[in-house]
2 protein chains.
Amino acid sequence: MSERTQLTRMHDRGTDDPEILYRLLDEARVAHVAFIRRDYPVVLPMAFGRDGNRLFLHGSTGAGAFLASRTGLEVSVAVTLVDGLVFARSTFDSTMNYRSAVVFGLATPVPEAHKEKALRAVTEHLMPGRWDEVRTPTAKELAATTVLEVPLSEVSVKMRAAGPGEDPGDSEDRSVWAGVVPLRTVAGVPEPSPLTDSSVPVSDSVRSLL
Amino acid sequence: MSERTQLTRMHDRGTDDPEILYRLLDEARVAHVAFIRRDYPVVLPMAFGRDGNRLFLHGSTGAGAFLASRTGLEVSVAVTLVDGLVFARSTFDSTMNYRSAVVFGLATPVPEAHKEKALRAVTEHLMPGRWDEVRTPTAKELAATTVLEVPLSEVSVKMRAAGPGEDPGDSEDRSVWAGVVPLRTVAGVPEPSPLTDSSVPVSDSVRSLL
C-alpha cells in the first residue's frame, strides 16, 4: 500500500483481496481515467481489459491529446460497481453498497508488437468469446489504435456489502421499511443489425450474456 | 462550449441538448470526480444529485483532504451510462452504446444554510421519495456532512446510440450475427434489515424501483 492508496482508503471498507479486485474488473464495463492536462484535471470514460496484473485502456482517438503521450502519463483509474441501494431509517445512514477500485500509475502506450494481445484482452473483457467469432484487426486497424497499459500495482479497493446501520436501542421509527435493494445490470433482447439475416443465429458470445 | 469541453468532444458524437444531459444525470447513480492532489491526478466515485443547473457531490469523509477545501477545487466530473454492447463483424468496429457527460469547474462546499437542500437533492436522486419517508438530518449530522457544488456550465456530453457500422459492399462474413445487446440496470428483490418486521410494508420509494 502506497501513500496514495492509503490516502484514499476508508479504513473500515478497504480490502487487499486480489480476487475481489479481479472480479470487480471483470464485471464492470467502463473505467474512468483521470489525468492532468495543462494544469487542470480531466476524467474520461474508457473501455478496458486486463491481462494478469496489467490494465489495458482503450479510448477513442477523440482523447487524442491524452493518448498521444509516448513517454507515459500519470493517471488515476477508477472502476466502480453499484451493487445496491441501502435504505436506512434516516437519510444520514442511507447509502449504497458498492465495489470500487482506484488505480494510480503511469499509463504507457502498448508497443506495436503487443497491441493485438492487449486489444484481445479489451474485446474479451467486454464481449467474452467474440474475438474468435469475427474478423480480428488488420495491420492498418492496429496502427490506428492506441492502447494504454497501467500496472495494477498501486490499487485501493473499497467495498460495502451490508444492510443499513441500525441499532436495537435507537429511537428510529420501526414502522418504516429498511433494507437493501440489490442492483444488477442485465442484457435485453439482442437487436440484429440491418445486414444480419434473420436466419443467422445469435452468436455464442451474445447468447452467453442473456 | 469552452476550450476544455471542445478538446474532449468527438465531434460526431457530441450533443448540446440539455434534456439528454439531465436524463443521463437522473438515471446514473455514481459520478467519478477527478482532482489534482499535490501533483498527481486522483479520481473517486461519489454520490451526486442535481438542482437545476447545479451538481451536488456527496462523498465519504474518507475523501477528507478533497472535501476539506473551503476555497474550491478544480474538478472534472464524469457521469457515464453504458446502454449497450455493439457487436460488429470485426473487433475493430465493435463498440459500446453509451451516454457520457464530463463537467469541468470549481467545486465549492455548499454553505451550512443550503446543505439540507443539497442533501435532499442527493437523496432524492438516488432514492426518489425517500426524503419524506424517513428521519431527515439532525443539526449534528448536517455539520458532519460535506457537500460540494459544481455548476453545470462547462459540460461535454457524448453519446452513441446506433447499431454496428456495416456496409452492404464490404466483404465481412455475413454468416456472423451483428447487432446490439442493450444493457440496463434493474432492481432485485428488496432484502429487509434485521430490525424490519415482516409486517412492515415495503416503502413507496422502494416499490417505485421494482
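The values are calculated or read from the model by the stated rules, or taken from the named source; none is laboratory data. Not measured: the values here are computed from a predicted model. Note that each Cβ is placed from the backbone with ideal geometry, even for glycine, and that neighbours are counted across all protein chains shown.
A few notes on this one:
- Test: residue in region A:182-203 that is of a type in the set (D, E), within 29 Å of B:L210 (Cβ to Cβ) and in contact with a Lys or Arg (Cβ under 7 Å, 6 or more places away or on another chain): no
- Qualifying residue in region A:182-204 (condition: surrounded by 12 or more Cβ atoms within 10 Å (Cβ to Cβ), in contact with a helix residue (DSSP H, G or I) (Cβ under 7 Å, 6 or more places away or on another chain) and β-branched (V, I, T)): no
- B:L106 vs. criteria more than 9 Å from chain A (Cβ to nearest Cβ), within 22 Å of B:D26 (Cα to Cα) and in contact with a Leu (Cβ under 8 Å, 6 or more places away or on another chain): yes
- Complete set of residues in region B:198-210 that are facing chain A (nearest Cβ under 7 Å) and part of a loop (DSSP other than H, G, I, E, B): B:V200, B:P201, B:V202, B:S203, B:L209
- The single condition from (1) more than 7 Å from every other protein chain (Cβ to nearest Cβ); (2) exposed (fewer than 14 other Cβ atoms within 10 Å of the Cβ); (3) part of a loop (DSSP other than H, G, I, E, B) that A:G165 fails is (2).
- Residues of region A:15-65 that turn out to be at pLDDT 95 or above, surrounded by fewer than 18 Cβ atoms within 10 Å (Cβ to Cβ) and in a helix (DSSP H, G or I), as a count: 4
- Subset of region B:180-193 that is at the interface with chain A (Cβ under 7 Å from one of its Cβ atoms) and not in a strand (DSSP E or B) - its residue that is nearest to A:S203 (Cα to Cα): B:G188
- Residues of region B:118-145 satisfying the condition of being of a type in the set (S, T, N, Q) and at pLDDT below 95: B:T136, B:T138, B:T145
- Flag if A:L148 is modelled with pLDDT of 95 or more and within 30 Å of B:M46 (Cβ to Cβ): no
- Looking across region B:21-53 at every residue that is aromatic (F, W, Y) and without any contact (Cβ under 8 Å) to a residue 40 or more places away in the chain, the one that is farthest from the other protein chains (Cβ to nearest Cβ) is identified as B:Y22.
- The conditions of being assigned to a helix (DSSP H, G or I) and farther than 28 Å from B:P41 by Cα are not met by A:W177.
- Residue check for A:E172: surrounded by 15 or more Cβ atoms within 10 Å (Cβ to Cβ) and facing chain B (nearest Cβ under 7 Å): yes
- Test: residue in region A:145-152 that is more than 10 Å from chain B (Cβ to nearest Cβ), surrounded by 17 or more Cβ atoms within 10 Å (Cβ to Cβ) and not in a strand (DSSP E or B): yes
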